[in-house]
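The values are calculated or read from the model by the stated rules, or taken from the named source; none is laboratory data. Given the structure is predicted, the values throughout are model-derived calculations rather than measurements. Heads up, the Cβs are rebuilt from the backbone with ideal geometry, glycines too, and the neighbour counts pull from every protein chain shown.
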Amino acid sequence: MARSYYSTVIDAPADRVWSAVRDFNGLATWWSSNVSESHIEDGRTGDAVGAVRSFAFGADRIREHLLGLSDRDRRCSFEFCPPAPFPVTGYVATLQVTPVTDGDRSFVEWWTDFDCAADELDHWTGFFAAEVFAPALGSLKEFLAR
């Protein structure tokens, strides 16, 4: 099992950051540079465990299934719906927001555990961290600074 990980500090209180990211359908709101449209399937809400979101990521459509949502821990986990948009299996991503009490900021972590071909391990661990998590959280910072 491989892990790709990215973290950052956001100059906003943890409750405010969590409020933005806890809505499983909110990607198009705060990551609008890469996600042009998002909707939750089957009439569910963006905070319903089991919900499936379908979103446009550039020219691709990605579907993800919400596995867990904890307001207490400010954490959510989700997986790709078949067919996976990338050649990885067992993909489970977790996004977590932790208060930084020095300055009322937030420590935000995003990671995924997955399997892939051994010769593609470096590519996919780097890809998720640098091409997905880092730009997404950079966009979240910009959104919250407005």
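To keep it simple, each residue is scored yes or no on (1) without any contact (Cβ under 8 Å) to a residue 24 or more places away in the chain; (2) under 29 Å from A12 (Cβ atoms); (3) not in a loop (DSSP other than H, G, I, E, B).
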{"position": "D42", "(1), (2), (3)": "yes, no, yes"}
{"position": "S54", "(1), (2), (3)": "yes, yes, yes"}
{"position": "L69", "(1), (2), (3)": "no, yes, yes"}
{"position": "V108", "(1), (2), (3)": "no, yes, yes"}
{"position": "W124", "(1), (2), (3)": "no, no, yes"}
{"position": "V132", "(1), (2), (3)": "yes, yes, yes"}
{"position": "L137", "(1), (2), (3)": "no, yes, yes"}
F55 passes all but one of the listed conditions (1) aromatic (F, W, Y); (2) out of contact with any helix residue (DSSP H, G or I) (no Cβ under 8 Å at 6 or more places or on another chain); (3) within 19 Å of I40 (Cβ to Cβ); the exception is number (2)
In region 85-106, how many residues are in a loop (DSSP other than H, G, I, E, B), on the phi < 0 side of the Ramachandran plot and surrounded by fewer than 16 Cβ atoms within 10 Å (Cβ to Cβ)? 4
Exactly one of these conditions fails for D42: (1) farther than 16 Å from W110 by Cβ; (2) modelled with pLDDT of 95 or more. Give me its number. (2)
Against the definition (surrounded by 15 or more Cβ atoms within 10 Å (Cβ to Cβ) and under 12 Å from the mean Cα position of the chain (by Cα)), how does V132 come out, yes or no? yes
